[in-house]
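Contents: one structure, followed by commentary.
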Amino acid sequence: MTKYLTLTKLLFLQQFKTRFGIDKKKRRGTIALYVVLILCFAPTVVTVAAMMYFAGKFTHGNADFGTFLILLCQGLVLMFGIHAIISNVFVVKDAEKLLYLPVRAYVIFLAKLTVAYLNELITTAVTVLVVLLPFGMGASAGVGYYFMLMVSVVLIPMLPMLLSTLIAMPIAALVNLFGKNSYTKTVLRILLYVAIMAVYMYGMYRLGFLTGSENGSALDNTEEYVQYMLGDFTDKLNGAMPYFHPDYMLMNSMLAPTFTTFLLSFLAALGENVALLALVFAVSLPFYRRMLTLSIEEGSSRHKKGKENFDTKNIGTIRQFMLTDIKKTARDSQLGFQSFAGIIMMPLIVVVLYFFVGIADDGDSSLLQLITISTRYQVIAPLVILAYMTFIGSSTNILGLYPISRENRAIYILKSLPVSFNKILLAKVLLATAVMAACDFITCLLIVFLFEIEWYLGLAMFATMVFLGFGSMCITTLLDLKEPRLGWDNFNQGLKGVKNSWIAMLISFLTVVTIAAISVPFIILFVAFDKWYIMLLMWLLILGIAAGYSVVGYKIMTAKATKYFERIEV
Amino acid sequence: MIRLYNVSKTYAKANAKAVDDLTLEINSGEIFGFLGPNGAGKSTTIKMLTGILTPDSGTIEIDGINIAENPLRAKALIGFVPDNHEMYETLKGTEYLKFIGTMYGVTGDTLKSRIDKYADMFEMTDALPNLIGSYSHGMKQKLSVIAALVHDPKVWVLDEPLTGLDPQSAFQLKQMMRKFADEGNTVFFSSHVIDVVEKVCDRIAIINRGKLVAVDTLENIRSDNKVSLESLFLTITSDGESK
């Protein structure tokens, strides 16, 4: 037990080791950043919380609906936590460091699983605060609900843990079966991840989420309409929720009218979740052992023999840099997966969104059909989608967020080369932008075909995205250069607590606000006069600002980069 | 060929000077051994010499070129073998060498013939098509040596180059260092293996706690020929002692 606790503490604290010893000035900066971020995200969070409050009020604390909300929280925990489970638990890069310790493999595994669980608690706590707390308030739930809310934080991550483990195992097994080549491994991982997330989202869609019957449109009172929608939705949930028994029991214990019901439901929920935990452990321990063996034997078993005919043609410094960078990233199991899976999420979300708003039951009109009829659709929709792409794109592109931290201990190679550092940086930013541009292009193509946006608007969105992406990459590259995280053994853990993606989100948010501020007067003018050239002017202005942003971003980066680079001590 | 004038360096997160007012001059055709206990400042000096770290004060010249003023020209003259063997693990050996070659402006047949020559010399031909991550410690060291030589540098800087090498490769490397110096180039290397330093070097310097405590030919440092370099090193670098 002592060994397990010591190892868990060590592995857990190791994630935050670089946070310790931060000087007061930096701490103040971090607090300021989080305050700004909270203010930026507050409207969205408050809207979600308000929706949950009214859902609680109108459903009168319906247990089926509450269980659905728990499932929703678990979906978010799964989405944010699955990377960590796969890369921290099953990708056993630290095997040789841990195996020589006088500790049994299952203790190491248990400690790793505990650390993954503790990390998931944070996501769970946030989702519970935003979703389940207002739901209970809306339902005028008793004291027991709020007490059980704290217990729920501990129990909710169990199902995502089991699912993550069940998902991680076939991914790793398939990768080992078919993926002898490093690229194939990364592609397989991403495809499986995308497929699983698509299945999850489709499952939520089938449960009836966000869909409503058109019959309700006959009701002219908003409150009545919402009540009707929720009633209709709850009816659809009926019968399905008890299949998610641990969650169903948990919600029943939270909403229990009597102590006996509470006790029985709670004991059932507790017992079932403990059983889930035992199942996770029993199923995945043999698999972990197998991965451990493979990771140690892998190095010596994959040597090819014989001389290779390799190409030594001069392709130029920048192209060579980009080629080397993409190769070393794509072949790294963690970096490759995170770099490309994050980017693929954007077109995937567009497709899923289309499922939600673009497809309707036979005889009904879809939401998309209803809104595309409006003449303002082609004016407003591209801007909204552009805002979404800007927001998601820049904060998920690992290539652009951590161009220097990715180098890790090999950073000395860059420092010793007789190549201008600005050239190296340009190569890194161009690579990140090129990968992002490919994703933007696919997304724009999907938007044009699925959401019936005019092709020339799709093209304008794409060009704007490329410019904005380049500018943002310059800024995030500079941020990473200022305080790179070097010397990590595990990319995920090494970059815990790094603010780059938050800052990227903030920058994107400000960009979106700027674009919105510019667009509003043009939209008003267009609605008033209905002249095509008003829209042309608006897009030209947006494009000009985006291009200016990329130039300014690049100038800022090059002005400070060399100084920051020289400051890095290795 | 290499000149360091009053070079000092203190790391941002440390109070003590890692290198304190170091002045050294190394000539062409010379193998120069740099000795010192752990944490004495050897690697810091080498990192400043190769442009990886910037000194707080002082100047460093490579073949008359000030590395602070013309870093790219100075770096192009150096071939560097680090002590940590951290490389791009997910690249193949050939890909890494092509990358390094391109950065130093060596491509095409020249690069190919040099890679073939050195790979053959260090018995790495079969290993080069594999990912660096699958290499042993010694193989990484050999790849590092080949990468340092593909651009035919004038100055060869090696930090603990013999660590992890098999006896054949260590012998080959020592022969190469001698040949390289005899062709009018300079070899600057640090080592803990005093026997090797004794046999290979033309001159040596000993650094302790960031300060240079001795620099000369082995014969001059060792006034009494019966005293071994090992005991001399231990005496010079022991607490409270300095020459």
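With respect to (1) of a type outside the set (D, E, K, R); (2) more than 10 Å from chain A (Cβ to nearest Cβ); (3) in contact (Cβ under 8 Å) with a residue 60 or more places away in the chain, the lone exception for B:V157 is condition (2).
Every listed requirement among (1) buried (at least 18 other Cβ atoms within 10 Å of the Cβ); (2) in a helix (DSSP H, G or I); (3) assigned by TED's automatic domain parsing to the domain that holds B:A18 is met by B:A148 save one, (3). Checked against (1) modelled with pLDDT under 85; (2) surrounded by fewer than 18 Cβ atoms within 10 Å (Cβ to Cβ), A:Q493 passes all but a single condition, namely (2).
Among the conditions (1) under 28 Å from A:Y412 (Cβ atoms); (2) at pLDDT 80 or above; (3) within 18 Å of the chain's Cα centre (by Cα), B:K199 misses just one, which is (1). For region B:52-67, the set of residues classified as touching a strand residue (DSSP E or B) at 6+ places or on another chain (Cβ under 8 Å) and either within 20 Å of B:N185 (Cβ to Cβ) or more than 10 Å from chain A (Cβ to nearest Cβ) (or both) consists of B:P55, B:D56, B:S57, B:G58, B:T59, B:I60, B:E61, B:I62, B:D63, B:N66, B:I67, listed by residue number.
Only one entry of A:F522, A:F509, A:F565, A:F526 meets the criterion of being part of a helix (DSSP H, G or I), free of Cβ contacts under 8 Å to residues at least 24 places away in the same chain and either among the basic types (K, R) or touching a helix residue (DSSP H, G or I) at 6+ places or on another chain (Cβ under 6 Å) (or both), and that entry is A:F522. If you go through region B:71-122 and keep only what is charged (D, E, K, R), assigned to a helix (DSSP H, G or I) and within 7 Å of chain A (Cβ to nearest Cβ), you end up with B:K75, B:E95, B:K98, B:K112.
For A:L10, the conditions (1) outside any helix (DSSP H, G or I); (2) modelled with pLDDT of 80 or more; (3) hydrophobic (A, V, I, L, M, F, W, C) are fulfilled apart from (1).
Quick check on region A:77-90. Is at least one of its residues among the polar types (S, T, N, Q), assigned to a helix (DSSP H, G or I), on the phi < 0 side of the Ramachandran plot and modelled with pLDDT under 80? Checked against the condition, which is being among the polar types (S, T, N, Q), assigned to a helix (DSSP H, G or I), on the phi < 0 side of the Ramachandran plot and modelled with pLDDT under 80, region A:77-90 yields at least one hit.
Under the condition of being modelled with pLDDT under 80 and either farther than 15 Å from B:P129 by Cα or at the interface with another protein chain (Cβ under 8 Å from one of its Cβ atoms) (or both), the residues counted in region A:306-324 number 4. Residue check: A:T258 meets all listed conditions (1) at pLDDT 90 or above; (2) assigned by TED's automatic domain parsing to the domain that holds A:L162 but one, namely (1).
Do we have A:V194 as in contact with a Lys or Arg (Cβ under 8 Å, 6 or more places away or on another chain), modelled with pLDDT under 85 and outside any loop (DSSP other than H, G, I, E, B) here? Spelling it out, it is not the case that A:V194 is in contact with a Lys or Arg (Cβ under 8 Å, 6 or more places away or on another chain), modelled with pLDDT under 85 and outside any loop (DSSP other than H, G, I, E, B). Going through (1) at pLDDT 75 or above; (2) away from every other protein chain (no Cβ under 14 Å); (3) buried (at least 17 other Cβ atoms within 10 Å of the Cβ) one by one, A:A341 falls short only on (1).
Applying the set (1) modelled with pLDDT of 90 or more; (2) surrounded by fewer than 20 Cβ atoms within 10 Å (Cβ to Cβ) to A:V498 leaves exactly one unmet item: (1).
I'd like to know if region B:213-225 contains one or more residues that are touching a Cys at 6+ places or on another chain (Cβ under 8 Å), aliphatic (A, V, I, L, M) and not in a strand (DSSP E or B). Don't jump to the end; show me each part of the working.
Narrowing region B:213-225 to residues touching a Cys at 6+ places or on another chain (Cβ under 8 Å): B:218.
Remaining after also requiring aliphatic (A, V, I, L, M): B:218.
Then drop every residue that is not not in a strand (DSSP E or B), which leaves B:218.
Yes: region B:213-225 contains one or more residues that are touching a Cys at 6+ places or on another chain (Cβ under 8 Å), aliphatic (A, V, I, L, M) and not in a strand (DSSP E or B).
Residues in region B:125-161 that are closer than 13 Å to B:M176 by Cα and among the acidic types (D, E): B:D152 alone.
Checked against (1) assigned by TED's automatic domain parsing to the domain that holds B:I2; (2) in contact with a Lys or Arg (Cβ under 6 Å, 6 or more places away or on another chain), B:E160 meets all criteria but (2). Taken together, B:T90, B:T186 contain a single residue that is polar (S, T, N, Q) and more than 15 Å from the chain's Cα centre (by Cα), which is B:T90. Inclusion of B:S169 among residues that are more than 23 Å from B:T44 (Cβ to Cβ) and without any contact (Cβ under 8 Å) to a residue 40 or more places away in the chain is not warranted. Here is the figure for region B:142-171: residues that are out of contact with any Asp or Glu (no Cβ under 9 Å at 6 or more places or on another chain) and not acidic (D, E) total 18. For the structure I just gave you, tell me whether B:S190 is crowded, with 16+ Cβ neighbours inside 10 Å, small (G, A, S) and in the same structural domain as B:I2 (by TED's automatic domain parsing). The answer is yes for B:S190. When region B:32-65 is filtered for residues that are under 13 Å from the mean Cα position of the chain (by Cα) and part of a strand (DSSP E or B), the ones remaining, listed by number, are B:F32, B:G33, B:F34, B:L35.
The values are calculated or read from the model by the stated rules, or taken from the named source; none is laboratory data. Here the structure is a predicted model, which means the values were calculated and not measured. Methodologically, a virtual Cβ is constructed for each residue, glycine included, from the backbone with ideal geometry; neighbour enumeration extends over all protein chains shown.
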